[in-house]
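Every number here is computed from the coordinates shown, using simple stated rules; none is lab data. For clarity, every value in this text was computed on a predicted model and none was experimentally measured. Note: ideal-geometry Cβ built from the backbone for every residue, glycine included; neighbour counts use all protein chains shown.
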């Protein structure tokens, strides 16, 4: 009798669990229909929780209903006119919301795709449209860009595992053509072309999402905080401390400091090729400052020029990461403020954002934000458990 009771009880419990799982899967399929067939770590793929980190799909992808070879072409390099068209498209469509706009120039886009050990990839979704020549009155065919997707290589370490990924920079659809299923086609076709063109050289991708997060287990989730500069007092440290801006000539100092500490401090490290980081430093797209005691680096702070304005002409400078080996947390925070103000004054930044990742939590704990936005990194075609944000460093 006891055996029968236990059996029926267990059957009831498993039945309830099955119904709950079916509801979760149904919700995700309805809300994120495209993603349910993608090689990602879905929130219901509980078996990955008990496995070692792994590539999900090891073979070359096959065509499916989202693969669109007619409209989407993928390139390993672009002509000057293609670069101009891409920059114009991003400026017009990527992020525009009143005074809050993303408007990079060519010199803020192209450097991210140079200096890599593997080729970046660019996919354009184009549609043939009839245009009217105002001078002649004739109609002409024009292949207008409707959407783009770009990827570039980065190095990744997840605990003891190292591999390369394709980092997704721009996934953008023309504002007049959204909600028409173009973004899923870009993702599917770009990934298909990339892997077939390179014979599956780098099978894993990495992307970043802000605000709305998907039904995928994040690699790392954190908040991004925004600050008005009136909340950030200018301070000075004792004369035995000094700050130094890293450039091409001094990059070896930073590299040595990171090699000394990063493996012990972080379980997740995403890093661009050193030659690409130097290019970004030379073009003032990223800024790295270090705090020194004598000749010894005790902290490093990484900032990105976002090309995003908050209100009229108030450009945001974002702290994307930091490494703290100061004698006290107070020294580390004061060093950050000194470095920020030096960059902000020189390049006229009027707003600060801090991603609460790596050792940035020491800083955000001392400041009161004006806004907070959820942010996360996700793997594509790789499954591993989430990494706490304070154990993650992403510089790319």
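Data table
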| item | result |
| --- | --- |
| Residue identified as on the phi > 0 side of the Ramachandran plot, in contact (Cβ under 8 Å) with a residue 12 or more places away in the chain and out of contact with any strand residue (DSSP E or B) (no Cβ under 7 Å at 6 or more places or on another chain) among 179, 200 | 200 |
| Residues of the range 189-210 satisfying the condition of being within 28 Å of residue 389 (Cα to Cα) and either within 13 Å of the chain's Cα centre (by Cα) or buried (at least 21 other Cβ atoms within 10 Å of the Cβ) (or both) | 191, 203, 205, 206, 207, 208, 209, 210 |
| Residue within the range 327-337 that is part of a strand (DSSP E or B) and in contact (Cβ under 8 Å) with a residue 24 or more places away in the chain present | no |
| Subset of the range 319-353 (residues that are more than 29 Å from residue 239 (Cβ to Cβ) and surrounded by fewer than 20 Cβ atoms within 10 Å (Cβ to Cβ)) | 350 |
| The range 37-51, subset in contact (Cβ under 8 Å) with a residue 40 or more places away in the chain and more than 20 Å from the chain's Cα centre (by Cα), residue nearest to residue 377 (Cα to Cα) | 43 |
